[in-house]
Amino acid sequence: MAKVKTSFFCQNCGAQSAKWTGQCNTCNEWNTIVEEVIQKEEKRVWKQSTASKTKAVPLRIDEIQLNPEERIQTNNNELDTVLGGGLVKGSVTLLGGEPGIGKSTLLLQIALSISQKVLYVSGEESQSQIKMRADRIDSSNSSCLILTETNTQKIFKNIEDVQPEFLVIDSIQTLYTDTIEASPGSISQIRETTAELIKFAKETETPVLLIGHINKEGQIAGPKILEHMVDVVLQFEGDQNHAYRILRAQKNRFGSTAELGIYEMLSDGLREVSNPSEILISKKDDDLSGTAIASTLEGIRPLMIEIQALVSTAVYGTPQRSTTGYNLKRLNMILAVLEKRAGFKLGAKDVFLNITGGINVDDPAIDLAVVAAILSSNQDIAISPHVCFAAEVGLAGEIRPVSKIDQRILEAEKLGYKTFVTSKYNKITTKNHTIKLVEVGKIEEAFATLFA
Ligand code: TYD
Ligand code: MG
C-alpha cells in the first residue's frame with residue numbers, strides 16, 4: 001500500500017490547499033476547509049480503447065469536418081426540448097434539484113421509455129425499491145438494467161459486460177473510486193468519479209446522465225468545477241406545495257439555455273405539461289384589481305412574479321407608503337412620475353406594494369408591472385391574468401427597454417400568457433412567437449391599452 005496522502009479542500013468552491021486555513025483563499029468563505037485523504041498512485045480508471053492514443057493534429061478552421069451531433073431521442077418531449085433536441089452521444093449531463101423533487105422519478109421514467117439499452121446505476125435505493133417505483137410509473141422497458149453499486153471500478157466492469165447505450169447514475173455523491181481514499185460525497189471523490197465517467201462517455205460515445213444533490217443555497221453539492229466539467233447542467237425545481245416541476249438548463253454546450261420543460265407530479269409519475277396555461281388558469285379564481293404579473297430575471301433565468309398594490313385614501317395627514325420585496329425609494333419615484341407625467345393624483349393616497357412569494361426583486365424591468373398594479377388598484381379595474389409586463393419606467397414617464405427581452409418573451413409564452421406589454425424601444429429578435437406583443441412608449445399609452 002502506498003503512503004496515504006492528504007490535502008485540504010474547500011467544501012464550497014473545491015479549491016485545494018496544502019494547509020488548513022479558517023477562511024478559503026479562493027472564495028473567502030469561512031470554516032469550509034476540510035482535510036481529505038487522497039492517494040494518487042496506481043490509477044485504475046476507465047481505460048479501454050486505443051482511441052485516446054490517436055494523435056491530435058492542428059487543423060485550419062475550414063478543414064474541420066462537421067458531422068452533425070448525433071442525438072438520442074428520450075421520448076420525453078420536455079426533456080428533449082430543454083436539451084436542444086435529445087441527448088448528444090458522448091455527452092455528460094448533470095441533473096440537480098432539491099431532495100424529493102422527483103429527480104430519480106424523472107430519470108427512471110426516461111430509462112424505461114427510451115428504446116436504447118439503458119444501465120441505471122443507483123447508489124441510493126435497492127433494486128426492489130426501484131422496481132416498486134417502476135411499477136408505479138408503469139412503462140416497462142425490458143432493455144433497462146438496474147444495478148445497485150457505488151464503486152466506479154465495479155460499475156465499469158458491469159458496463160463492459162452489458163455494453164449499455166445510455167448510462168444513468170443516481171447519484172454522483174454516492175459514488176467512490178478506489179484510486180482515492182476520501183469518503184463518498186467528498187469534494188475529491190466527486191471530482192474524480194465525475195472525471196472517470198466523463199472519460200468513459202467521451203471514449204465510448206455513450207451519453208451519461210448524473211443526478212446531483214444540491215446544498216442549502218441551491219447549488220449542486222460538490223466542487224463548482226463539477227459544473228464546468230460536464231456538458232449540460234439541468235436544474236429540476238418546483239414548490240413542495242405544488243405538483244408542478246420546472247426543468248431548466250443552466251448550461252448547455254449543445255443548445256440554448258432559454259428553453260424550459262414543465263412537468264406535473266402525479267401518483268403514477270411525472271406527466272409532461274405541454275399546455276402550460278392550464279397551470280395559470282387553475283390558480284385564478286376571480287379577477288382582482290391591484291395585481292399585475294411581471295417578468296423578472298433571477299440570475300440569468302426569467303421568472304414570473306405577481307405584484308400586488310393597494311391604493312386607498314389616506315386617513316392621516318401624511319400618506320403612507322410601504323413595500324415588501326421592492327425598493328421604497330423606487331416606489332416613491334414611480335408615484336412622482338405618475339403624478340407629474342400622467343396626471344394621477346396619488347399624493348393624498350396610501351400606497352402599499354407587495355411582491356408575492358416573499359422574494360426581493362431589484363430588476364428594474366418590473367417597474368411597468370408596479371405601475372399597472374397601482375393604477376389597477378386606484379381605478380379598481382382588474383387586469384387580465386393573461387397579461388404580463390416587462391419594462392423599466394424612466395423619470396420622464398417613458399417606457400424603457402429591458403435586458404434579455406427575447407428570453408422573457410419566450411418564458412411568458414411558454415407559461416401560457418397571451419399578452420406581453422413592453423417598451424417599443426426593445427430590440428426583439430425572436431420572430432416566431434405567438435404571444436401578442438403590446439409595445440408602448442409612454443405611461444399614458446400603457447394606461448390606454450390596459451383600461452381602454
Ligand atoms: P424522487 O424521484 O425520489 O425524488 P428525488 O430523487 O429528487 O429525491 O421523488 C420523490 C417524491 O415524488 C416522493 O415524495 C413521492 C413523489 N412521487 C409521486 O408523487 N408519484 C410517483 O409516481 C413517484 C414515483 C414519486
Ligand atoms: Mg432520488
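Below are the figures for this structure:
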item: Within the range 355-381, tally of residues that are modelled with pLDDT under 90, open to solvent by 30 Å² or more (accessible area, probe 1.4 Å) and in contact with a Gly (Cβ under 9 Å, 6 or more places away or on another chain); result: 5
item: Selection status of residue 112, within 14 Å of ligand 1 (Cβ to nearest atom) and either assigned to a strand (DSSP E or B) or surrounded by fewer than 22 Cβ atoms within 10 Å (Cβ to Cβ) (or both); result: yes
item: Members of the range 71-96 that are of a type in the set (A, V, I, L, M), away from ligand 2 (no atom under 16 Å from the Cβ) and buried (at least 21 other Cβ atoms within 10 Å of the Cβ); result: 79, 82, 83, 87, 88, 92
item: Any pair with Cβ under 7 angstrom, 6 or more apart, that starts in the range 117-131 at a residue that is touching a residue at least 12 places away in the same chain (Cβ under 8 Å) and ends at one that is within 12 Å of ligand 2 (Cβ to nearest atom) and in a loop (DSSP other than H, G, I, E, B); result: 123/171; 124/171
item: The range 102-153, residues that are away from ligand 2 (no atom under 12 Å from the Cβ) and basic (Lys, Arg); result: 117, 131, 136
item: All positions within the range 285-303 that are crowded, with 18+ Cβ neighbours inside 10 Å and either under 30 Å from residue 247 (Cα atoms) or over 32 Å from the mean Cα position of the chain (by Cα) (or both); result: 291, 292, 293, 294, 295, 296, 297, 301, 302, 303
item: Selection within the range 76-109 - under 16 Å from the mean Cα position of the chain (by Cα) and part of a helix (DSSP H, G or I); result: 78, 79, 80, 81, 82, 83, 103, 106
item: Only one of 439, 444 that is over 23 Å from residue 248 (Cβ atoms), acidic (Asp, Glu) and part of a strand (DSSP E or B); result: 439
item: Restricting the range 387-396 to residues that are assigned to a strand (DSSP E or B) and surrounded by 23 or more Cβ atoms within 10 Å (Cβ to Cβ), the residue that is modelled with the lowest pLDDT; result: 388
item: Residue in the range 283-300 that is out of contact with any Cys (no Cβ under 7 Å at 6 or more places or on another chain), part of a strand (DSSP E or B) and modelled with pLDDT under 75 present; result: yes
item: Residues (small (Gly, Ala, Ser) and free of Cβ contacts under 8 Å to residues at least 40 places away in the same chain) located in the range 219-265; result: 243
item: Residue 122, sole failed condition from (1) over 14 Å from residue 269 (Cβ atoms); (2) over 24 Å from the mean Cα position of the chain (by Cα); (3) within 12 Å of ligand 1 (Cβ to nearest atom); result: (2)
item: Unique match (being within 16 Å of ligand 1 (Cβ to nearest atom), open to solvent by 80 Å² or more (accessible area, probe 1.4 Å), out of contact with any Phe, Trp or Tyr (no Cβ under 6 Å at 6 or more places or on another chain) and at pLDDT below 90) among 99, 68; result: 99
item: Residue match in the range 315-326 (condition: open to solvent by 20 Å² or more (accessible area, probe 1.4 Å), among the β-branched types (Val, Ile, Thr) and outside any loop (DSSP other than H, G, I, E, B)); result: yes
item: Filtered residues of the range 397-452 (kept if open to solvent by 60 Å² or more (accessible area, probe 1.4 Å) and hydrophobic (A, V, I, L, M, F, W, C)); result: 410, 452
item: Qualifying residue in the range 136-147 (condition: at pLDDT below 90, within 15 Å of ligand 1 (Cβ to nearest atom) and open to solvent by less than 10 Å² (accessible area, probe 1.4 Å)); result: no
item: Flag if residue 211 is at pLDDT below 85, crowded, with 23+ Cβ neighbours inside 10 Å and within 14 Å of ligand 1 (Cβ to nearest atom); result: no
item: Residues of the range 226-267 that turn out to be modelled with pLDDT of 80 or more, within 16 Å of ligand 1 (Cβ to nearest atom), open to solvent by 20 Å² or more (accessible area, probe 1.4 Å) and among the charged types (D, E, K, R), as a count; result: 2
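The values are calculated or read from the model by the stated rules, or taken from the named source; none is laboratory data. Here the structure is a predicted model, which means the values were calculated and not measured. For neighbour counting, all protein chains shown are included, and Cβ atoms are generated from backbone atoms with ideal geometry for every residue, glycine included. Each accessible area value is taken on the protein alone, full model and side chains, heavy atoms only, with ligands, DNA and RNA left out. Shrake-Rupley method; radii C 1.70, N 1.55, O 1.52, S 1.80 Å.
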